[in-house]
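A.B. asks: First the structure, which I've put down as structure tokens, then a few questions once you've had a look.
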Amino acid sequence: MFGVLLEKTMDGQRYIDWLLSGLGWTLALAFFGWWIAFAIGVVVGIGRTVRSSFFGGLARLYVEIFRNIPVLVQMFLWYFVLPELLPSAMGDWIKQIPPPWGSFFPALWCLSLYTAARIAEQVRAGIEALPKGQPEAAAALGLSRYLTYRHIILPQALRLIVPSLTSEVMGIYKNTSVALTIGMMELTAQARQISDATFQTFTAFGAATLIYLTLALIAYQTMMLIDRAVRIPGTAPGREAVGLDIDDSILESPLPGNMEVVK
Amino acid sequence: MQQERAVNPYDRFPMVIVEHLIKRFGSFNALSDVNLTVARGEKIVLCGPSGSGKSTLIRCINHIEKHDYGRIVVDGVELTDRIRDINSVRCEVGMVFQSFNLFPHLSVVENCMLAPLKVRGLPQSEALDRAMALLRKVRIHDQAKKYPAQLSGGQQQRVAIARALCMQPKIMLFDEPTSALDPEMVKEVLETMVELANDGMTMVCVTHEMGFAREVADRVVFMDCGSIVEEGDPSTFFRAPNTERARVFLNQIVH
């Protein structure tokens, strides 16, 4: 059924190479977009929980704007509208960025900012789910607000939201398909191109579907592994029993890097 | 006012001075005009019915709860809204909570080392030595690498005491430290507190453990409805309280 993918195209490649090139762009958008989104999301999520009404309001505004505009519209805004709003020299410079980068960067930026708004809400929920005694105990020890967030609140909140971040990881790579509307030749765009060239619609989109499904499974499994790796000993229901061996390096280097694993 | 903080040669001054303290939650008066002085080395037991404001009072002493009116001076530093004053006071005031509040994502020894490392700026090795010494003191050093969820309640509370002591506080506040414990674990925590008292630590304990109060307290302070109703030395207070309210309260807790 997928035999047509191995046939040669007009440019001497095989159709499967088109798909793989599309997959590459999809992965690049999802991967870099994810890290940018995560960084912004954590900062905005923290902003949602601070006492300052200025930063709180700013963070709220960010979330409401980017979460509530459809990704497709945001894509068009960054690609078509932004260059027109900027001073003409700058707008022209943006329009002259050669393909595929001229589409890649607006798409990356768009997906990052949209996903960041969603992550921010997860981070806020994670922080608010922590018992009040945690920040109180930190305060009683003299930890500043910054140290409390850095060492007490974030390490716990981020662990807490790993399962719900899984759906954000799956969300961002699925949303990469919207980038085809601004000319990004990612997986879906390549599938459409194959379909147009060969009239094998079922094969082309079937292959794309299988690839998306595989990616979803990989993302899911990876997040499960991360969840297990950062789990706090003694808190797993019925899995790790009391009294397990903890390696001795903890004593040598207290405050181990394992807080950072989540990032 | 703030300048006094840097040098504090007045060691004979009281550890804590609370004057005309008022704390409101909305329209509810949690504390109304409370006055209390804690001398250095003094052990005070605060008791009273629930809702009488005893927890609120000690939470005001390290500014976890912000007071509305009145003055609190801890070790010569007045608690104002200045964040530097508050943090410097909190370093000198150890606190133990009813629900332990250990940091679940850090091992026992890391719980003890965090504040000395990050707040006091102690070198790693020194913080580790201090943490292990204090864990040994509360007899839990063999569990140093475990995580809080792997310990019993009594063990967790002893870790919490060690964690507070790692900052080398000048005063320890205990907010019903044994109330959340199973009966068989109360003793090990109280023993640790008695030892601490015998070392000369200044202590303010909210507790209903009357045996502990008799053995350790220099003074028992009885609160009701946000005010101090009666205070005195434990033997007099328990044998013959002056006020009717204290009598009723004592009758209720001595079943």
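A.B. asks: Hey, can you tell me all the residues within region B:110-134 that are surrounded by fewer than 17 Cβ atoms within 10 Å (Cβ to Cβ) and more than 9 Å from every other protein chain (Cβ to nearest Cβ)?
C.D. replies: Selection gives B:121, B:123, B:125, B:126, B:129, B:133.
A.B. asks: Does region B:91-109 hold any residues that are free of Cβ contacts under 8 Å to residues at least 60 places away in the same chain, open to solvent by less than 10 Å² (accessible area, probe 1.4 Å) and facing chain A (nearest Cβ under 8 Å), and which are they?
C.D. replies: B:103, B:105, B:106, B:107, B:109
A.B. asks: Only residues that are touching a residue at least 24 places away in the same chain (Cβ under 8 Å), among the small types (Gly, Ala, Ser) and farther than 26 Å from residue B:181 by Cα: list them for region B:227-255, please.
C.D. replies: Selection gives B:227 alone.
A.B. asks: Scanning for something under 28 Å from residue B:105 (Cα atoms) and free of Cβ contacts under 8 Å to residues at least 40 places away in the same chain, does region A:56-70 turn up at least one residue?
C.D. replies: Yes, that holds for at least one residue.
A.B. asks: Go through B:71, B:84 for me and flag whichever is touching a His at 6+ places or on another chain (Cβ under 9 Å), among the charged types (D, E, K, R) and open to solvent by 30 Å² or more (accessible area, probe 1.4 Å).
C.D. replies: Every option except B:71 fails the conditions.
Per-residue answers, yes or no, for (1) loosely packed, with under 14 Cβ neighbours inside 10 Å; (2) at positive phi; (3) not charged (D, E, K, R):
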site	(1), (2), (3)
A:60	no, no, no
A:99	yes, no, yes
A:103	no, no, yes
A:107	no, no, yes
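A.B. asks: Given (1) under 19 Å from residue A:112 (Cβ atoms); (2) surrounded by 15 or more Cβ atoms within 10 Å (Cβ to Cβ), where does residue A:77 come up short, assuming only one miss?
C.D. replies: Going through the list (1) under 19 Å from residue A:112 (Cβ atoms); (2) surrounded by 15 or more Cβ atoms within 10 Å (Cβ to Cβ), residue A:77 breaks only (2).
A.B. asks: Would you be able to tell me the number of residues in region A:128-144 that are more than 7 Å from chain B (Cβ to nearest Cβ) and either without any contact (Cβ under 8 Å) to a residue 60 or more places away in the chain or crowded, with 22+ Cβ neighbours inside 10 Å (or both)?
C.D. replies: 6
A.B. asks: For the condition free of Cβ contacts under 8 Å to residues at least 12 places away in the same chain and either open to solvent by 10 Å² or more (accessible area, probe 1.4 Å) or on the phi > 0 side of the Ramachandran plot (or both), what is the one hit in A:167, A:177?
C.D. replies: A:167
A.B. asks: Follow-up question, since we're still on this one. Write out, first by first residue and then by second, each pair whose Cβ atoms fall under 6 Å of each other, whose residues are 6+ apart or on separate chains, and whose first residue, in region B:62-90, is within 12 Å of chain A (Cβ to nearest Cβ) while the second is in a loop (DSSP other than H, G, I, E, B) and not small (Gly, Ala, Ser).
C.D. replies: Pairs that qualify, where the first residue is within 12 Å of chain A (Cβ to nearest Cβ) and the partner is in a loop (DSSP other than H, G, I, E, B) and not small (Gly, Ala, Ser), are B:63/B:79; B:86/B:63; B:90/B:62.
A.B. asks: Something else now. Name the single residue that is farthest from the other protein chains (Cβ to nearest Cβ) among those in region B:135-165 being surrounded by 21 or more Cβ atoms within 10 Å (Cβ to Cβ) and of a type in the set (D, E, K, R).
C.D. replies: That would be B:158.
A.B. asks: If the Cβ limit is 7 Å and pairs must be 6+ apart or interchain, which residue in region B:178-207 that is surrounded by fewer than 18 Cβ atoms within 10 Å (Cβ to Cβ) pairs with which residue that is charged (D, E, K, R)?
C.D. replies: B:194/B:215
A.B. asks: With a cut-off of at least 3 residues that are small (Gly, Ala, Ser), name the helices (runs of 4 or more DSSP H) lying wholly within region A:67-112.
C.D. replies: A:88-95
A.B. asks: Now for a separate question. Before we move on, is residue A:119 open to solvent by less than 50 Å² (accessible area, probe 1.4 Å), within 25 Å of residue A:180 (Cβ to Cβ) and under 20 Å from the mean Cα position of the chain (by Cα)?
C.D. replies: The answer is yes for residue A:119.
The values are calculated or read from the model by the stated rules, or taken from the named source; none is laboratory data. None of these values were measured; they are calculated from a predicted model. Counting neighbours? That spans all protein chains shown, and the Cβs are built from the backbone with ideal geometry, glycine included. Calculation scope for accessible area: heavy atoms of the full protein, side chains included, ligands and nucleic acids excluded. Shrake-Rupley method; radii C 1.70, N 1.55, O 1.52, S 1.80 Å.
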